[in-house]
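Asks: One structure, as structure tokens, below. Some questions next.
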Amino acid sequence: MFPLAINGIGPVGAFGAGMADLKAALSNDIKITPEIARIQTRAGDYDLPIFRADSKPLAEFIKPRKLRRLDNFSRLALLGAVLAVKDTAMDLTGPQTGLIVASAHGASATTFAFLDSVIDDGDALASPTMFSNSVHNAAASHIAEHFAITGPTLSLTQGSDSLTMALLTAGQWLESGRVDTILCGVIDCYCDVLGYCWQSYHNQSKSPKPKPAPGPGEGSLFLQLSRIEENAPPPKYGYLGRIELNRNAPPAALPFINTGTDCSNQLISGSGLKTVSDSCKNQLQINLNRICGGLPVPTSFDLAAAASLISDKHLYNRYDRQKTAAVPTTETICCWQPRPGIRQKPLTGNCYWITNHADLNPGK
Amino acid sequence: MKVRISGIGGLCACGLDFETAVAALFQDCRNPTPARRFKLDHPLSYPVFELPSSSLDEPDKNQPWLRTSRLAVVAARAALKDSGWRKNHAPITNLSRLRVGVCIGTTVGGNMNDEQFYRDFKNHKTPGLQPINRYLQSNPAAVVAEVFNLCGPQLTVVNACSSGTDAIAIGTEWIRAGICDLVLAGGSDELCRVTCNGFISLMISDSLPCRPFDESRSGLNLGEGAAILVLESEKIYQQRQLSGINNEPTSPQAFIAGSGSACDAWHLTAPHPQGRGLRLALTNALADAEISADQIAFINAHGTATLNNDLCEGLVLKDMFPHVPFFSTKGHTGHTLGAAGALEAAFTVAMLKRREIPQSAGFTKIDPAIDHAPITSAQTFNGNFALSQSLAFGGNNSALIIGLEED
């Protein structure tokens, strides 16, 4: 089933749109200025930084008239998909392309906009446009229509594991021959309710630990994936190695930590990492929270950062507690996400591996 | 690779258990009513197919999740019992040694849409987070996995009305790919005010009992329910057969023969006029099952009773399966959205075993635009393969071909 070739990536977040913007943000070449929202909670009012993503670049690719009925969720998803396809320059038209769209919360802002129409104007004047766009698979429908993708289409939601499960399904579809190529992505958007919940949960928390991210974020990440063809040139961003479910943390790193062995070829990235940072303090880590905010699928942009590191052989924005000198030789990166709400030890979670070896069985 | 269906659990408006629901499909009674658990404010009353009143109505400390997940747990428990993995209320410790996945389709179960919470938020009342906590804890696949202590992959499919069909297809592939030994796959959805208002706003709800494929049809009635299938690898099934009486399945003869899925890539809310995606999905399903169209004994159609769905679906069935009897069960269950494909797949299994298919409730007069009629009375059939198909909002089309082993 794995590895899969990563041919194109389309990231959209507070850092901008496209891989160039993401790399610039990782290199501190651009400054991210979050929007500040005033959040009213039971414990008082708070100024919350919001890491908004901008869908305006979509107008470069699609006529505004065609976008007029799309909500922000579908626009950001479509922008990520367009950028991923542009990055690979492959034609995805037809039944041999599959489409997978993952999201932790779906188009919540649009659901609440639909409720606005019900609350403000009454049941009989509920907005059909808002309702249509609030359905979980609306974004997938818009993407399929835009690219004329007539293969299988899947929308899924599995909390913080949403991207991992999307990638697992992509591997299956390619392995079974159901499709030859897949456009696979994850998308989540900010809404006022989410900001209220974010701040309220933080107020409730008695933990002295710092917040997992400075504020909530939003964005989309799309990948163009395919099987590895014999004698084909290496893919632009390396390979998506295997996916592991219910793996102890940190993947393949504990032996190194315990023995003090250098683990410079094994990185863990991810916002979820904060949870285990004490247990893997010798690991080299990438901190993405400051450029995209906290996302409901914390590993969303890890994959893009890991793939760019693999392809460019350059470690952007190294977050290295031990200040070790090694790194850009990195060949394998593990993106691991602990299962939420699970308190038992050892922590388990799902992870995926990015590698520059087509024949590598990473982590084994 | 053959993927066994070793157990089924389901509930809907025509029965709080699967056997009762199947029996109801063969009876000439259906009674959609105004929603019991919430009120709607429209000039017309729109009937729904709601579950009878039961302990499922309200969450409690033993089942604190959203109703959609509570329905899924009931269906999963019944399916495990039917499969022989669970005897009465005994714990299923023997499943913990296997790789057991959970794949469940839904629409409402994946949405943060608590209306009272939002009304309070909108009115600056700083509401408590209990509804949000409940939503966050209610992912249907995660809930079922937690309740039955299952450690395999968990996936909630939100492909609108084809979610249940797609979930079963994905579960089948997990077994084929060797990712799982066993999968609990199906769909679950509850009736809620938000969805009802949404469908009424789209002007595709009927104020009368729905009439799938009928000339006078004018929309759907929403429903609620859940169905879970226990999918099992051939290897595990054979091991169970050899290992003795402890875990023998009670109904092992049906299997998933194939599946197909395709997108119209046409319009957000309307199917492709010539059924482009549906044709492709059906062609793929037949190829996956390695059978021809004339081997299909009957078709459990999507048949929502909306003008567009039934026209598109009827034309494709007339063209691809001109002599195969078909029907819609939504005249008895309503449109249960994310659960629909799973309920209909489960009914298809039951009908294959029963060797009888029911009348298409609500149909009386052929639509000349379709020129193809569902069956109007229960009948027997020949053959061991049947088709269950779903067309969804967003242009999704998915089909399952279910087989029955010959005696």
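Asks: Taking chain B as a Gaussian network, where each spring joins two C-alpha atoms under 10 Å apart, which residue of B:255, B:199, B:385 fluctuates the most?
Replies: B:199
Asks: Report the antiparallel proportion of the DSSP beta bridges in the protein assembly as shown as a percent, rounded to a multiple of 5.
Replies: Among the beta bridges of the protein assembly as shown, antiparallel pairing accounts for roughly 70 percent.
Asks: Would you calculate, for the protein assembly as shown, the mean residue ellipticity at 222 nm contributed by helices, counting each DSSP H stretch of 4 or more residues as -39,500 (n - 2.57) and dividing by all residues, to the nearest 500?
Replies: Helix contribution divided over all residues of the protein assembly as shown: -9000 deg cm²/dmol.
Asks: From the phi of every residue in the stretch B:60-65, what ³J(HN,Hα) in whole Hz does the Karplus formula 6.51 cos²θ - 1.76 cosθ + 1.60 yield, where θ is phi - 60° and glycine or proline is x?
Replies: Per residue, the Karplus-derived 3J(HN,Hα) values read 9, 5, 7, 9, x, 8 Hz.
Asks: Please state the shape class of the stretch B:254-404: rounded when a/c is under 1.5, otherwise prolate if a/b exceeds b/c and oblate if not, all from the C-alpha gyration tensor.
Replies: rounded
Asks: Which is farthest toward the positive dipole end of the stretch B:1-101 among B:22, B:66, B:76, measuring Cα position about the Cα centre, with Cβ charges +1 (Lys, Arg) and -1 (Asp, Glu)?
Replies: B:76
Asks: Give me the distance between the Cα centres of the stretch A:1-74 and the stretch B:47-120, rounded to whole Å.
Replies: So the two Cα centres are separated by 35 Å.
Asks: Taking θ as phi - 60°, what are the ³J(HN,Hα) couplings along the stretch B:6-15 by the Karplus curve (6.51, -1.76, 1.60), each to the nearest whole Hz, with x for Gly and Pro?
Replies: Taking θ as phi minus 60°, the curve returns 9, x, 9, x, x, 8, 7, 4, 8, x Hz for the stretch B:6-15.
Asks: Quick query: amide H of residue A:294 versus all other amide H atoms, modeled in the peptide plane; which residues come in under 5 Å with a sequence gap of 5 or more or a different chain?
Replies: HN-HN under 5 Å from residue A:294: A:215, A:217.
Asks: Separate question: For chain B, set up a GNM with springs between Cα atoms under 10 Å and report which of B:142, B:340, B:227 has the largest fluctuation.
Replies: B:142
Asks: Given H placed on each backbone N at 1.01 Å, which residues far from residue A:149 in sequence or on other chains put an amide H within less than 5 Å of it?
Replies: A:94
Asks: With a 10 Å cut-off between alpha carbons and a GNM built on chain B, which of B:66, B:44, B:343 moves the most?
Replies: B:44
Asks: Which ³J(HN,Hα) values, rounded to whole Hz and listed in residue order, are derived for the stretch B:331-340 from phi using the Karplus coefficients 6.51, -1.76 and 1.60 in 6.51 cos²θ - 1.76 cosθ + 1.60 with θ = phi - 60°, glycine and proline given as x?
Replies: Whole-Hz 3J(HN,Hα) from phi for the stretch B:331-340: x, 9, 10, x, 8, 8, 6, x, 8, 4.
Asks: Now for a separate question. List the residues, sorted by chain then number, that are 5 or more residues from residue B:335 or on another chain and whose placed amide H is less than 5 Å from its amide H.
Replies: Those lying under 5 Å, H to H, from residue B:335 are B:221, B:222, B:223.
Asks: Another question, then. Determine the shape class of the protein assembly as shown: with a ≥ b ≥ c the square roots of the Cα gyration tensor eigenvalues, call it rounded for a/c under 1.5, and otherwise prolate if a/b is greater than b/c, oblate otherwise.
Replies: prolate
Each value in this text was obtained by applying a stated rule to the coordinates, not by laboratory testing. Only a predicted model underlies this, so the values are computations on that prediction, with no experimental measurement involved. Note: ideal-geometry Cβ built from the backbone for every residue, glycine included; neighbour counts use all protein chains shown.
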